[in-house]
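Taking it in order: structure first as structure tokens, then the write-up.
Quick note: the coordinates plus some simple rules give every number you see, no bench work behind them. Computed from a prediction, not measured in an experiment: that's the story for all the values here. As a convention, Cβ positions derive from the backbone with ideal geometry for all residues, glycine included, and neighbour counts pool all protein chains shown.
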Amino acid sequence: MPDFIYNRASYHVANGNVDLDSHELKAMLLNSGYVPNAAHNRIADVAANEISGTGYTAGGQTLTGVALTESSGTTTLDANDPQWPGASFTARYMVVYDFTANYLLVCFDFGSNKTVVAGTFTYEFNVLGFMRFTKT
């Protein structure tokens with residue numbers, strides 16, 4: 001699960017600004033200069049800290065296999081684990097955002113800088129998905 005869901009993410013999903021079935025979702029990697037803040041809302045709030053390096057494309061990677069499921073009042077969003085092959089870079093955070101609508105959804109903190117040199121950088125989403133909404 002993410003370290004946090006951005007404050008406005010649930011609102012944007014609920015009112016239709018973010019369409020989890022049809023919008024393009026991306027994973028963007030950020031450097032250690034980013035100061036996580038759940039009040040951030042748009043990609044512009046984090047873009048200054050996007051990493052650069054071999055095997056990484058600005059804007060991040062489009063998530064594939066995005067699946068939205070519901071069971072017993074819990075809605076789960078999941079996708080294939082993002083991978084950056086042939087990579088040489090350092091990252092500290094990953095954000096998932098709605099590229100179509102330009103809204104941040106979730107933030108993952110790796111706990112420390114993670115460096116890859118001429119290899120594949122993979123982030124493994126939790127088996128329970130990366131974003132959950134539970135009926136209360």
Exercise for review: Name every residue in the range 67-83 that is acidic (Asp, Glu), in contact (Cβ under 8 Å) with a residue 12 or more places away in the chain and either touching a Lys or Arg at 6+ places or on another chain (Cβ under 7 Å) or assigned to a strand (DSSP E or B) (or both), in order of residue number.
Suggested key: ASP78
Exercise for review: Report whether or not PHE108 is of a type in the set (Phe, Trp, Tyr), under 22 Å from SER32 (Cα atoms) and touching a strand residue (DSSP E or B) at 6+ places or on another chain (Cβ under 8 Å).
Suggested key: yes
Study note, to complete from the structure: Taking the range 78-102 and the residues there that are among the aromatic types (Phe, Trp, Tyr) and in contact with a strand residue (DSSP E or B) (Cβ under 6 Å, 6 or more places away or on another chain), the one that is nearest to GLU50 (Cα to Cα) would be TYR93
Practice item. Assess whether ALA118 counts as being in contact (Cβ under 8 Å) with a residue 12 or more places away in the chain, surrounded by 16 or more Cβ atoms within 10 Å (Cβ to Cβ), more than 13 Å from the chain's Cα centre (by Cα) and under 28 Å from SER52 (Cβ atoms). Key: no
Point to revise | Criterion violated by GLY86 - all others in (1) buried (at least 21 other Cβ atoms within 10 Å of the Cβ); (2) more than 14 Å from the chain's Cα centre (by Cα); (3) not in a loop (DSSP other than H, G, I, E, B) satisfied | key: (1)
Study note, to complete from the structure: Note on the range 1-43: residues farther than 27 Å from VAL116 by Cβ and either in contact with a Cys (Cβ under 9 Å, 6 or more places away or on another chain) or assigned to a helix (DSSP H, G or I) (or both) are ALA9, SER10, TYR11, HIS12, VAL13, ALA14, ALA38
Review point. Only one of these conditions is not met by THR57: (1) of a type in the set (S, T, N, Q); (2) under 25 Å from ALA14 (Cβ atoms); (3) out of contact with any Asp or Glu (no Cβ under 9 Å at 6 or more places or on another chain). Which number is it?
Key: (2)
Point to revise | Selected residue (criterion: farthest from the chain's Cα centre (by Cα)) from residues of the range 71-83 that are surrounded by fewer than 17 Cβ atoms within 10 Å (Cβ to Cβ) and of a type outside the set (S, T, N, Q) | key: GLY73
**Study point:** The lone exception for TYR11 - which of (1) closer than 22 Å to LEU128 by Cα; (2) in contact (Cβ under 8 Å) with a residue 24 or more places away in the chain; (3) not charged (D, E, K, R) it fails
**Key:** (2)
Point to revise | Which listed residue is under 22 Å from VAL127 (Cβ atoms) and crowded, with 19+ Cβ neighbours inside 10 Å, from LEU30, LEU68, LEU63 | key: LEU63
